[in-house]
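Below is one structure; the comments refer to it alone.
The values are calculated or read from the model by the stated rules, or taken from the named source; none is laboratory data. Bear in mind that the values here come from a model prediction, so they are computed numbers and not experimental data. Glycine gets a Cβ as well: all are built from the backbone with ideal geometry, and neighbour counts include every protein chain shown.
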Amino acid sequence: MQGKCPACNATFSLDVAFAVDAGRSAVLMALQLMPKPWGSLLAQYMGMFRSAGRALSFDRTERLLGELRTMLETQTVTRNGLTRPCPLALWQQGFERVLEQRDAAKLQLPLKTHGYLLEIVFALAEQAGAKQEKVQETQRRSGAQRNDYDERMQRSFLINAVRGDIDLGLLSREDAEKKLRDAGINPEVLDGR
């Protein structure tokens, strides 16, 4: 049995119509199974690739989702040959910003590539990476200074303890020098009071 498209009057068999409807239902069901709000975000985002009055083919939908799949699974973003760590929360912010731009009529639709989304997500990942790097650098610096201070204090304490033991007759000069050498301190410090 043949059917006719109400828009263009093209003829097609009913099994094609059922396949298209089944494919559409499968995609919608898969999106609904995703954690909220991911299904809705992806469905709205994918709709931005569709021309007005036309459906997005399943082949194109699969290709577009496939381009994002690896980055979403590995929680990274790649743009202009550079890859950055990018947790799913940043991806979600990126999708939301693209949809906000669409709602504000600031995008030319339909989208041709993921370029705009990737620019936004990459910038978010760069900002997050810079913040994390700054925190790590601050921790490293304060930790290094603290460690350096602690080492100087321990060294000074040991030198003063050895000098006191020599003065009290608890250590001979040779034993004191050996104790300092074992601690990695030049024994000549005993001469410079």
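Points to keep in mind about this one:
- Pairs linking a residue in the range 43-61 that is assigned to a helix (DSSP H, G or I) to a residue that is of a type in the set (S, T, N, Q) and buried (at least 16 other Cβ atoms within 10 Å of the Cβ), with Cβ atoms under 9 Å and 6 or more positions apart or on different chains, are MET46/THR61.
- Restricted to the range 72-93, and to residues there that are hydroxyl-bearing (Ser, Thr, Tyr) and touching a strand residue (DSSP E or B) at 6+ places or on another chain (Cβ under 6 Å), the residue that is nearest to PRO35 (Cα to Cα) is THR76.
- Condition check for GLY23: at pLDDT below 70, part of a strand (DSSP E or B) and on the phi < 0 side of the Ramachandran plot: no
- Flag for LEU124 being assigned by TED's automatic domain parsing to the domain that holds GLY81 and surrounded by 11 or more Cβ atoms within 10 Å (Cβ to Cβ): yes
- Residue in the range 129-151 that is surrounded by 11 or more Cβ atoms within 10 Å (Cβ to Cβ) and farther than 30 Å from LEU180 by Cβ present: yes
- For the range 80-103, the set of residues classified as closer than 12 Å to LEU124 by Cα and either of a type outside the set (Phe, Trp, Tyr) or in contact with an Asp or Glu (Cβ under 9 Å, 6 or more places away or on another chain) (or both) consists of ARG84, PRO85, CYS86, PRO87, LEU88, ALA89, LEU90, GLN92, GLN93, GLY94, ARG97, listed by residue number.
- Selection from the range 73-96 of residues that are outside any strand (DSSP E or B) and within 10 Å of the chain's Cα centre (by Cα): THR74, GLN75, CYS86, PRO87, LEU88, ALA89, LEU90, TRP91
- Boolean, ALA105 is assigned by TED's automatic domain parsing to the domain that holds MET48, at positive phi and modelled with pLDDT of 85 or more: yes
- So ALA105, is it assigned to a helix (DSSP H, G or I) and of a type outside the set (Asp, Glu): no
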